[in-house]
Every structure is written in C-alpha cells, then in structure tokens.
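K.L.:
My questions will all concern the structure given below.
The values are calculated or read from the model by the stated rules, or taken from the named source; none is laboratory data. Predicted model, so just to flag it, every value in this text is computed and none were measured. When we count neighbours, we look across all protein chains shown, and the Cβ atoms used for this are built from the backbone with ideal geometry, even at glycine.
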Amino acid sequence: MRGLVVSSTACNQGISQQTQFRKLLPVLQASLAILFGGWGLCIRNSALSQPFWGSDGWHSTARFHVWPWAFKFAAILNLPVLLVGGPLSWPLDYLRPGLPEWISYIPVLLLIPVFWCWLGSWADKYVSSGSHSYLSWILLLLFVFLCAAASSISDYVGGYTSYLEFGTAIWLAVALGVGAFAAFRRRKSKVAWLPPSSD
C-alpha cells in the first residue's frame, strides 16, 4: 500500500513538472510582450509625434527609422508570431486607416499565448522531465539573453531593421536545435525498446 502511495505521489509530481511550461510560458511571454512592446510603442509614438518640417514624424521617413530597444526586444522574442500575425492586421489598416499603431498589433498579441503554449507543451514533453529539468530553464534564460543582446545592436550594423535579421537567425538556430533534440530523443527511445540480442 505504501508503495502505491509513493508511486502515486511520484506520478503526480511528474505530471506537475510536465505541465509547468505549458502554463508558465504563455503568461510570461504575453506579459513581456505587453510590457516591452507597449513601452517601445509609447516611446516610438512620442518621438514621431514631435513637430517635423511643418508636420510630424509619422508623415516622413522617420517612421521607418525609429524603433526603440524595448520594441525590438519584444519583436525578436516573438518573431514567429509577428510574422504570422502581422498580415492579419492589414485588413484592419486598410478598412480603418489612421487608427493608432498599437491597434494593429492586437492580432499578434492574441496569438502570443497560443504559440508559447504550443512551445511550452513541447518543452514539457521532451526537456523539463527527469534529469533535464534544469536544462529548460537554462535554455530559456539563454534565449531571452540572446534576444536582448540582438535588440541592443546598433542600427549602424545592418540598418534600422537589422533586428529582424538577427531575430530570424536566433529563431532559425532554435528551430534547428529543437529538431536535432527531438530526433535524438526519438532515436534514443527506439534504441531503448530494441529487444536484447540472443546468442
């Protein structure tokens, strides 16, 4: 009976570990997107709303050059969602031109929890259990650090939108790493299930 209780407790702990990133990442990443993305858009709006040759920065090429660090960080952190959700805002911009810029990012914001829930489910399945429980946290912190570093690179290196290129490189590396790790786990599980050879 005691063995069954211990086994049940261990099973519950394992389930708890397997679901933590699926629950944590959507909340964490959506909060970071709102905080840093909103902060960056406020700075951008303030800068472009300044008088400029009888008009303002929104009606000049400055709107293509002003990208605050906070916005870059949020964009790189959620670049796949930005690339997918960005085109969803085009009909809104076409039907209602002149709306505040932040409104066009609402579709992206709504997709962020969905994307990170999917990614968190993968992490719970392959990484965050057993001896690899610490590895997922290290990889997450490393990823956030790389995104922050890439968004801090000067605009003189590659241009004003070079952060998109650096973000693409980071996410391609993540995709390759995820694919390689998943293939390694599948191969390892197949080897473990092979029957012992009989002499």
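K.L.:
Among what's in the stretch 149-158 and is of a type outside the set (Ser, Thr, Tyr) and surrounded by 12 or more Cβ atoms within 10 Å (Cβ to Cβ), pick the residue that is nearest to Ile76 (Cα to Cα).
P.N.:
Selected residue: Ala150.
K.L.:
Let me ask another. Tell me which of these Tyr134 doesn't satisfy, since it passes every other one: (1) modelled with pLDDT under 90; (2) under 17 Å from Trp69 (Cα atoms); (3) out of contact with any Leu (no Cβ under 9 Å at 6 or more places or on another chain).
P.N.:
For Tyr134, the failing item is (2).
K.L.:
Of the residues Leu146, Leu172, Leu109, which is at pLDDT 90 or above, part of a helix (DSSP H, G or I), over 27 Å from Ile43 (Cβ atoms) and not basic (Lys, Arg)?
P.N.:
Answer to the selection: Leu172.
K.L.:
Take Ser31 and decide whether it is of a type in the set (Ser, Thr, Tyr) and under 20 Å from the mean Cα position of the chain (by Cα).
P.N.:
Spelling it out, Ser31 is indeed of a type in the set (Ser, Thr, Tyr) and under 20 Å from the mean Cα position of the chain (by Cα).
K.L.:
Within the stretch 59-109, restricting attention to residues that are more than 15 Å from the chain's Cα centre (by Cα) and among the polar types (S, T, N, Q), which residue is surrounded by the fewest Cβ atoms within 10 Å (Cβ to Cβ)?
P.N.:
Only one residue tops the list, namely Thr61.
K.L.:
What helices (runs of 4 or more DSSP H) completely inside the stretch 1-102 contain at least 2 residues that are among the basic types (Lys, Arg) and at pLDDT 70 or above?
P.N.:
2-32
K.L.:
Residue check: is Gly120 more than 21 Å from Leu24 (Cα to Cα) and either modelled with pLDDT under 80 or within 14 Å of the chain's Cα centre (by Cα) (or both)?
P.N.:
For Gly120, the condition - more than 21 Å from Leu24 (Cα to Cα) and either modelled with pLDDT under 80 or within 14 Å of the chain's Cα centre (by Cα) (or both) - is not met.
K.L.:
Let me confirm something: among Phe166, Phe181, which residue is touching a residue at least 40 places away in the same chain (Cβ under 8 Å) and farther than 10 Å from Ile76 by Cβ?
P.N.:
Phe181
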